[in-house]
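Note sheet for the following structure.
Every read-out reported here was derived from the displayed coordinates using simple, explicitly stated rules and does not represent laboratory data. The model shown is predicted, which means the values in this text are computed figures rather than measured ones. Counting neighbours? That spans all protein chains shown, and the Cβs are built from the backbone with ideal geometry, glycine included.
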Amino acid sequence: MEISLVSGLESAALARTAEEIDRLLRDVRPWLYRLALAVTARSDLAEDVAQEALLRISRSRHKLASLREPNAWMRTVTVRCALTAIAKSPALCPLPPPSTDPTDQVAVRHVLARLQPIERAILALTHFEGLSYAEIGEVLGIPVGTVASRLHAAREAFRKEWSR
Amino acid sequence: MNPDPLVELESFYDECRGATVPQRLLICPVALPWWQRVAIPLAAISFGGLVALLILALPSNPSIEFRDQAARALLESQMRQAPQLPAPHHSRAGRSLSWNA
């Protein structure tokens, strides 16, 4: 009871105005697109993912009025939209072999395309977003121990696919 | 080639951080207030209805109407040019007499 009262007071103190929410939604668009790009490694898919995430966030804009960390929630929405989109989209096939040119980012994209979606998400949340294991666990809804083991597996898979 | 492929991965994420955001994503309105979400479809439906009424109000076959008008004008001109019939005779008793009588 006490907790709910405290959280209720916090929500009231955090209440954002409609203008603040509009500004927030406008300002986060580039970040959400780039996050989607980091997870999907495909610009066409990233655009659709960012659009879908923004629509979902807009539909729940009442949540943004009281959330303490709206960015964490928007990140979760975007990453989950990206995972759904990767699962639905056909693989880029046939994939050309990775380029030996170290400056060629196409090679990285193709190696990432061979990884499991959850591995791509963990790599992006670690290396692109710089999140801790606990934060990644919250975004993906998995325990911290699983995050650590999946991250290790994802890095190994990336190295293996790269050298193939 | 770098010894660790993860360096390549890091540079890929650096590229993502500087990626150009599509214009469509920046200008597309995703957060409309409730009155705009109602007003915009209503305006679209009204405009569509207006266009439909205008289309229905147009004559279905303008060429037929034009031919009807032309035929009527021709008939009227022929009637004007036709010889005028004399007025019927009236007897002194006030009875109307036919022309053939």
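The gain in end-to-end length when the residue A:44 to residue A:164 segment is fully stretched comes to 40.6 nm, 0.36 nm per residue minus the alpha carbon separation. Other residues lying with their Cβ under 13 Å from the Cβ of residue A:157 contribute a combined charge of +4, Lys and Arg counting +1, Asp and Glu -1. Site pair residue B:57 and residue B:40 shows an inter-label distance of 2.9 nm when each label is modelled 7 Å from Cα along Cα→Cβ. Per-residue 3J(HN,Hα) values for segment A:48-57, derived from phi via the Karplus relation 6.51 cos²θ - 1.76 cosθ + 1.60 with θ = phi - 60°, read 5, 5, 5, 5, 5, 5, 5, 5, 5, 5 Hz in sequence order (x marks Gly and Pro).
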